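First the structure, in the form of structure tokens, and then the observations on it.
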Amino acid sequence: MSRRLALVSLLVADYDEAIAFYVGKLGFSLVEDTDMGHGKRWVVVSPGNDGTDFLLARAAGEQAEAIGRQGGGRVWLFLHTDDFVGDYARMSAAGVRFLEEPRHEAYGTVAVFEDHSGNRWDLMQPKA
């Protein structure tokens, strides 16, 4: 039997703004952008390398209150890399807002950043 977490849904206010951030600033790939009718789209982005993909879901109604707060104000998404220095430099140059300088921990090199909505992420290069 084979299983993996395939998609995580991220609430966003606007599809195109979210695509611009995840593809343009983080360097994710746009896997799918399908019109579902009635203003809804099925938008999937991927960090690549068999990582978990993200469904960018436009919030409706009371869901809008959770945009940028899906992790309750703490880091809840972890983007692993094998080139921390390069990714940090590229993301910083693209305008990604890092909340701290990179630091070295027992588990690897890490820096916290926010996505365009305010969700907190770790950019992390785990120790080998």
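Counting the residues of region 75-91 that are farther than 15 Å from LEU10 by Cα, open to solvent by 40 Å² or more (accessible area, probe 1.4 Å) and not in a helix (DSSP H, G or I) gives 3. Every condition in (1) without any contact (Cβ under 8 Å) to a residue 40 or more places away in the chain; (2) touching a strand residue (DSSP E or B) at 6+ places or on another chain (Cβ under 6 Å); (3) not β-branched (Val, Ile, Thr) holds for PRO126 except the one numbered (1). Does GLY72 count as at pLDDT 95 or above, closer than 30 Å to ARG3 by Cα and part of a loop (DSSP other than H, G, I, E, B)? For GLY72, the condition - at pLDDT 95 or above, closer than 30 Å to ARG3 by Cα and part of a loop (DSSP other than H, G, I, E, B) - is met. Residues that are in contact with a Phe, Trp or Tyr (Cβ under 8 Å, 6 or more places away or on another chain), open to solvent by less than 70 Å² (accessible area, probe 1.4 Å) and either part of a loop (DSSP other than H, G, I, E, B) or of a type in the set (Lys, Arg) (or both) within region 92-106 comprise VAL96, LEU99, PRO102, listed in sequence order.
What residue, of PHE54, PHE78, PHE98, PHE84, is free of Cβ contacts under 8 Å to residues at least 40 places away in the same chain and either over 18 Å from VAL23 (Cα atoms) or of a type outside the set (Lys, Arg) (or both)?
Values: PHE54 fails: free of Cβ contacts under 8 Å to residues at least 40 places away in the same chain; PHE78 fails: free of Cβ contacts under 8 Å to residues at least 40 places away in the same chain; PHE84 fails: free of Cβ contacts under 8 Å to residues at least 40 places away in the same chain.
Only one candidate qualifies: PHE98.
Scoring THR109 on the criteria (1) in contact (Cβ under 8 Å) with a residue 12 or more places away in the chain; (2) within 20 Å of TYR22 (Cα to Cα) leaves a single failure, condition (2).
The values are calculated or read from the model by the stated rules, or taken from the named source; none is laboratory data. Since we're looking at a predicted model, the values are computed, not measured. Here the Cβ is made from the backbone with ideal geometry for all residues, glycine too, and neighbour counts use every protein chain on show. Surface accessibility is based on the protein's heavy atoms, side chains included, excluding ligands, DNA and RNA. Shrake-Rupley method; radii C 1.70, N 1.55, O 1.52, S 1.80 Å.
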